[in-house]
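The values are calculated or read from the model by the stated rules, or taken from the named source; none is laboratory data. Because the structure is predicted, anything quoted here is derived from the model rather than measured. No Cβ is skipped: glycine too gets one built from the backbone with ideal geometry, and neighbour counts run over all protein chains shown. The area values use the complete protein model at the heavy-atom level, side chains included, leaving out ligands, DNA and RNA. Shrake-Rupley method; radii C 1.70, N 1.55, O 1.52, S 1.80 Å.
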Amino acid sequence: MCNSSSITEFLLLAFADTRELQLLHFALFLGIYLAALLGNGLILSAVACDHRLHTPMYFFLLNLALLDLGCISTTLPKAMANALWDNRAISYIGCTFQVFLFLFFISAEFYLLTVMAYDRYVAICKPLHYGSLLGSRACAQMAAAAWGSGFLNALMETANTFSLPLCQGNALDQFFCEIPHILKLSCSNSYPREAGLLVVSAFFGIGCFSFIALSYIHIFRAVLRMPSEQGRHKAFSTCLPHLASISLFLILDLVVSFLYTVIPPTLNPLIYSMRNQELKVALRKLLTRYVSKAAIC
């Protein structure tokens with residue numbers, strides 16, 4: 001038996017016992033991580049370098065790419081290092097920071113997806129008021145609210161979790177530090193305190209989801225009333241990537257934590273670039289410029 005004051009490290013879940021499988025997991029994680037870095041890095045570069053993409057929608061997309069990079073960088077590098085060096089340990093402080101950062105990025109991403117739903121609602125349902133409702137100052141304030149809300153949520157959840165005494169060992173059944181698995185090590189009745197925070201988190205989560213759902217009900221009604229087929233196609237092409245990201249986020253969140261940890265940050269760049277002509281053009285220009293410079297060098 002041990003308590004939280006005597007725990008100096010946690011033992012994370014090992015994916016395999018044999019060295020060959022450990023190296024295979026390392027290679028798999030490395031491929032996923034590099035794909036996420038490349039995809040989100042290209043979106044960041046394209047939005048930053050192309051002045052035609054300096055609009056509210058792409059400003060929020062830039063923030064989403066930053067959150068995706070932060071989310072996947074919180075968990076995968078440590079998992080890769082453990083697989084490569086045949087090590088399961090993570091320090092108590094390291095686990096605390098990992099829990100906080102993961103909750104921060106994942107919560108802020110959900111709040112940002114809510115803001116992006118509002119952006120699409122105004123763009124399609126109230127196009128004449130788009131410039132006044134989503135000016136540069138309003139966009140910055142909404143993005144800051146998403147990041148700030150994620151920070152506060154992560155701070156409360158992390159402080160609540162690590163204030164509990166732990167006496168059920170230090171082995172976690174997950175490849176990164178996650179609150180449900182840490183609570184299993186608690187020797188006190190943590191349910192009342194955890195239930196309180198769960199109710200608060202569920203309240204904001206249901207509120208965000210309801211707002212997104214109502215926004216898209218109005219959006220689809222407005223799109224279906226458009227007389228031009230080309231106009232409907234253009235409207236859907238700007239909304240479907242965002243809707244796909246929300247669906248991916250929610251479905252994988254319900255299925256398994258491993259998937260929502262690594263899949264959305266990796267696939268979001270692909271989702272947003274597939275049906276977005278402006279972003280495709282900007283990415284082609286960026287890659288052409290890079291290839292030209294490389295050829296000159």
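Looking at (1) surrounded by 18 or more Cβ atoms within 10 Å (Cβ to Cβ); (2) closer than 23 Å to Phe249 by Cα, find the lone condition where Leu134 falls short. All conditions pass for Leu134, except number (2). Looking across the stretch 161-204, the residues that are at pLDDT 80 or above, open to solvent by less than 50 Å² (accessible area, probe 1.4 Å) and under 22 Å from the mean Cα position of the chain (by Cα) come down to Thr161, Gln174, Phe175, Phe176, Cys177, Glu178, Ile179, His181, Ile182. Could you check, for the stretch 26-34, whether at least one of its residues is outside any helix (DSSP H, G or I) and surrounded by fewer than 17 Cβ atoms within 10 Å (Cβ to Cβ)? Taking every residue of the stretch 26-34 in turn, none turns out to be outside any helix (DSSP H, G or I) and surrounded by fewer than 17 Cβ atoms within 10 Å (Cβ to Cβ).
Being among the basic types (Lys, Arg), closer than 25 Å to Gly150 by Cβ and open to solvent by 10 Å² or more (accessible area, probe 1.4 Å), is that true of even one residue in the stretch 49-57? No, because not a single residue in the stretch 49-57 is among the basic types (Lys, Arg), closer than 25 Å to Gly150 by Cβ and open to solvent by 10 Å² or more (accessible area, probe 1.4 Å). Residue check: is Leu30 of a type in the set (A, V, I, L, M) and closer than 24 Å to Trp147 by Cα? Judged against the criteria, Leu30 is not a match. Counting only helices (runs of 4 or more DSSP H) wholly contained in the stretch 111-191, the ones carrying 3 or more residues that are among the aromatic types (Phe, Trp, Tyr) occupy 136-162.
Would you confirm whether any residue within the stretch 249-271 is assigned to a helix (DSSP H, G or I), hydroxyl-bearing (Ser, Thr, Tyr) and modelled with pLDDT of 75 or more? No, the stretch 249-271 contains no residue that is assigned to a helix (DSSP H, G or I), hydroxyl-bearing (Ser, Thr, Tyr) and modelled with pLDDT of 75 or more.
Please pick out the residue among Phe97, Phe104, Phe59 that is aromatic (Phe, Trp, Tyr) and either over 22 Å from Glu157 (Cα atoms) or at pLDDT below 90 (or both).
On the way: Phe97 fails: either over 22 Å from Glu157 (Cα atoms) or at pLDDT below 90 (or both); Phe104 fails: either over 22 Å from Glu157 (Cα atoms) or at pLDDT below 90 (or both).
Criteria check complete, one pass: Phe59.
If the condition is being outside any helix (DSSP H, G or I), touching a strand residue (DSSP E or B) at 6+ places or on another chain (Cβ under 7 Å) and not aliphatic (A, V, I, L, M), then the stretch 41-99 contributes Arg88, Ser91.
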